[in-house]
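What follows is a set of notes on a single structure, which appears directly below.
The values are calculated or read from the model by the stated rules, or taken from the named source; none is laboratory data. Just so it is clear, the model here is predicted, and its values are computed rather than measured. As a convention, Cβ positions derive from the backbone with ideal geometry for all residues, glycine included, and neighbour counts pool all protein chains shown. In case anyone asks, the SASA skips ligands and DNA or RNA and just uses the protein heavy atoms, side chains included. Shrake-Rupley method; radii C 1.70, N 1.55, O 1.52, S 1.80 Å.
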Amino acid sequence: MSNKRGVSSLFIVLAVLCLFLNSDRAWADNAQTVAIFPFEVLAQEDVAFLGKGLTRMVCSRVGDTDRIQVQCRRKPFKDYSIEINPEVLKTLNTTEAFSGVDYIVKGSLTVMGATVSTDAELIDLNTGRVVCYFHESGSSQSDIVRHAAVISEKVKAVVQGGPVPASQPETFGLKGVSLPQNDVQKDAVTLPSKNLSQPPIATPVAMDEVFRSRTFNTRFSGLASGDVDGDGRADLVFMEEHAISLFSLKGGTLVKKGAFKGKRYNAFKAVDVADVNGNGKAEIFVTCVDRKAGVRSLVLEWNQGALQTVVADSDWYFRVVDLDGRKRLVGQHGGYSDLFSGGVYFLAWDGSGYGKSDAVALPGDVDLFSFVKGDLLGTGSEQTLWLDGAGKLTLTRSTGQNQWASASSFGSTPLFLGEKDGQDLQDQERHYINSRMAVADLDQDGRNEAIVVHNRDLSKGFLDRFRKFTAGSIKCLAWNASGMKTVWETAQVSGCITDWALEDLDNDGRAELIYCIGLDKGTLLNKKQTVVVVKKL
């Protein structure tokens, strides 16, 4: 009897063991394969060891579960010369180098003095899409260990189909939090009467500065605002030469939500935001040119917690203009021999892309970056306010009659079109992009004002291939009997205003003026810097 019991117990042990072995084999068969590539190190000094350490930590921590098989690659991802777009990425696992790979992890580590910043992305090769972004920053190199832990846990959570672990968001308000009411900085400005028959009567008004960011060691050359993620609150979109960043302003702090990195051989020239396809989430329209000055624009949209490309390599230059309180998308084709081909058109979503509808009536050769429309004369009809190549303003009636022109230049931006690789400066057709403008009734008195940027150019617009800005401000102009006069002006800043937006960020019914101040420090590492300012109108 005891022998039978012993045999039965043995069978039970063997059965349980087989069950575990089969279970382990099943997990192994269903395991997801993640290829982790060396993190690129961006630093002034040779600190490559930090990138190696970060990569090894991520590899070991992601691979500490039987549900994930890790390939810790030695060759950097960029050395494969793979184009980052869904159609290319989703076919990678059919190639020998990526056979059986389900996900890719690639990223960079930026070291500036004691500050470290880690950026990474998780790409699903089955869909060709980035399914998760990672942005972590710290004040010392020891923070890299925490970055590795955060990235590893998020990768494991996404790959295994679970919820993404919450982490402390990246913030940029450490030196720019909301100011106490008694410490609010104000711009001293004047408000003249807008009565056509009366001279300006100065009345003091002020704008409250509610936020000023720390100094970013990069140039935000573009800024746009709108509800990108569909949560009912406006977001801020910042453009660098090869990158787009999405932020929200919460509790006096800029919180980074996501980012998109473009191709290094293409350059971003303008960014705009508007919900043109009507799905409740504003698209991000990025005007982009290649090394031969060809137009390669793209459209991004927030989807599944990341910015994803919905249109790529478009030959439209994009701009969003506010007409009668409604954001309208306009476009102009890039040309072969000339920078622009044809006129400016309103663009509309056609179900698969953005096609042209009606032409926009503009005087002369005005391009899409140089105009705004609205009733500034109080006649009940629409006029066009536009900037010429030298930065001078002109107000033109719908009949084509020029009503007013400025005597001096309002400047432009540091961005220009027409640059080609390998071409000498004297052979380049540099077309500087003019600053954004808007028409709105800011003081709710029934009469519109114009908001324009005044960047002081050292050459005063007389040199076609040279811009050097020494100071900048934002002006509000209104019509009176003698022309467009300054209603108010922000304090002048050293450098220039690279871009600006007008948006109700906190949904209190009052608009905020948001603008980026571009600073050129002249040092090799931190030559271009940016400060973001928000003022309550």
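Before moving on, here are some points about what is shown:
- Nitroxide proxy distance, nm - points 7 Å out along Cα→Cβ at E429 and R233: 4.6
- Accessible surface of segment 302-393, 1.4 Å probe: 44 percent of it comes from carbon and sulfur atoms.
- K90/K250 FRET efficiency (R0 35 Å; Cβ-Cβ; nearest 0.05): 0.50
- Sequence ranges 126-137, 397-408, 235-246, ranked by mean other-Cβ count within 10 angstrom, highest first: 235-246, 126-137, 397-408
- The packing ranking of peptides 283-289, 435-441, highest mean first, is 283-289, 435-441, where packing means the average number of other beta carbon atoms within 10 angstrom of each residue.
- Computing FRET efficiency as 1/(1 + (r/R0)^6) for Q71 and S140, where r is the C-beta to C-beta distance and R0 is 25 Å, gives about 0.25.
- Over the Cα atoms of segment 72-156, the radius of gyration divided by the Kirkwood radius equals 1.02; this is the Rg/Rh ratio.
- Cα-projected label distance for A405 with L323, points at 7 Å along beta-carbon direction, nm: 2.6
- Cut-off 18 Å (backbone N to label point 7 Å along Cα→Cβ of A359), residues of segment 292-334: 317, 330-334
- Against the rule of thumb 2.2 N^0.38 Å, how large the Cα Rg of segment 216-294 comes out: 1.13
- Cα centroid separation - segment 264-324 against segment 45-65, whole Å: 34
- Relative contact order [Cα under 8 Å, 6+ residues apart], segment 59-135, whole percent: 24
- Exceeding the 30 Å Cα-Cα cut-off - candidates K106/K356; K78/K535; K52/K256: K106/K356; K78/K535
- Computed E for R56/R214 - FRET, C-beta separation, R0 35 angstrom, nearest 0.05: 0.65
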